[in-house]
Amino acid sequence: RGILKSRPLLDCPHTASQIQDMRRRRLTVSFLCAGVLLAILLLFIGLFAARGPVTHAISKRLPIEIEKGIGNSISKQLNSDERLVRTPELELKLQALVAPLLKVIPKDRYDYQFFIFNDPSLNAFAAPGGYIVIHSGLILEAGRPEEILGVLAHEVAHITQQHGIRNIVAAAGLFVIVQTLMG
């Protein structure tokens with residue numbers, strides 16, 4: 001590059017014109033590359049910003065059988081776990097506790113199933129298809145049955161709002177986008 005700045009070359013009109021053309025091309029290529037990178041960045045930002053509405057729309061259109069299939073496979077895993085509490089007395093008490101909650105929930109999509117796990121943590125979670133797991137630690141720590149019912153209502157809301165399936169769609173969608181862009 002240093003030789004292109006030498007005075008004898010710059011004094012020659014033909015060479016000076018060629019050097020100017022090279023600089024313009026280099027500048028054009030730089031702007032073009034920056035533009036392409038900016039477009040890719042804006043595409044990712046746009047996809048990230050639109051992921052909520054897009055995954056919500058896709059989740060609403062998925063057949064319920066997909067959600068139930070995912071839930072059934074999770075249920076099989078839960079039933080094979082040794083931490084699952086299978087005490088009929090506790091299961092009856094839990095069913096009696098959730099009965100008022102289940103009366104006010106539309107039954108058009110899910111058949112709710114509740115599981116108790118022998119786990120000291122204060123936790124509960126919902127899986128697609130209507131499966132809810134509550135840890136025994138949460139049951140033992142609750143001062144009143146209404147506290148447990150509040151947690152279960154929260155978990156039911158995760159299911160009715162399809163949070164689990166949305167997360168799966170979002171993760172799969174990101175994977176598909178990355179695969180498409182990267183090949």
**Q.** Per-region count, segment 98-127, residues at pLDDT below 90 and acidic (Asp, Glu)
**A.** 2
Q. Do any residues in segment 47-69 that are open to solvent by 70 Å² or more (accessible area, probe 1.4 Å) have Cβ atoms under 6 Å from those of residues that are assigned to a helix (DSSP H, G or I), where the two are at least six apart or on different chains, and which pairs are they?
A. 51/170; 58/169
(Q) Out of everything in segment 102-126 that is closer than 21 Å to residue 162 by Cβ and open to solvent by 90 Å² or more (accessible area, probe 1.4 Å), what residue ends up being farthest from the chain's Cα centre (by Cα)? (A) 104
Q | Residue list for segment 98-109, restricted to those being touching a Phe, Trp or Tyr at 6+ places or on another chain (Cβ under 9 Å) and assigned to a loop (DSSP other than H, G, I, E, B) | A | 105
Q | Pair list, Cβ < 8 Å and 6+ apart or interchain, from segment 2-27 residues that are basic (Lys, Arg) to residues that are modelled with pLDDT under 85 and open to solvent by 80 Å² or more (accessible area, probe 1.4 Å) | A | none
**Q.** Condition met for residue 96 (of a type outside the set (Asp, Glu), closer than 19 Å to residue 58 by Cα and open to solvent by 40 Å² or more (accessible area, probe 1.4 Å))
**A.** no
Q: Considering only segment 1-97, give the helices (runs of 4 or more DSSP H) lying wholly within it that have at least 3 residues that are over 30 Å from residue 111 (Cα atoms) and either at pLDDT below 85 or not hydroxyl-bearing (Ser, Thr, Tyr) (or both).
A: 7-11, 13-61
Q | Cβ-Cβ under 7 Å pairs, at least 6 apart or on other chains, segment 78-91 side farther than 12 Å from residue 136 by Cα, far side surrounded by 10 or more Cβ atoms within 10 Å (Cβ to Cβ) | A | 78/84; 78/115; 78/133
Q. Which of (1) in contact with a strand residue (DSSP E or B) (Cβ under 6 Å, 6 or more places away or on another chain); (2) modelled with pLDDT under 90 is the odd one out, the single condition residue 175 does not satisfy?
A. (1)
(Q) Can you tell me how many residues within segment 118-150 are β-branched (Val, Ile, Thr) and assigned to a strand (DSSP E or B)? (A) 3
Q | residue 155 assigned to a helix (DSSP H, G or I), open to solvent by less than 80 Å² (accessible area, probe 1.4 Å) and at pLDDT 90 or above | A | yes
Q) Which residue pairs have Cβ atoms closer than 6 Å, lie 6 or more positions apart in sequence or on different chains, and pair a first residue in segment 162-183 that is closer than 14 Å to residue 61 by Cβ and assigned to a helix (DSSP H, G or I) with a second residue that is at pLDDT 70 or above and open to solvent by less than 70 Å² (accessible area, probe 1.4 Å)? A) 165/59; 165/67; 165/128; 166/55; 166/59; 169/55; 169/59
Q. What number goes with the only condition from (1) free of Cβ contacts under 8 Å to residues at least 12 places away in the same chain; (2) surrounded by 14 or more Cβ atoms within 10 Å (Cβ to Cβ) that residue 132 does not pass?
A. (1)
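The values are calculated or read from the model by the stated rules, or taken from the named source; none is laboratory data. Because the structure is predicted, anything quoted here is derived from the model rather than measured. Note: ideal-geometry Cβ built from the backbone for every residue, glycine included; neighbour counts use all protein chains shown. Keep in mind that these areas ignore ligands, DNA and RNA; they rest on the heavy atoms of the full protein, side chains included. Shrake-Rupley method; radii C 1.70, N 1.55, O 1.52, S 1.80 Å.
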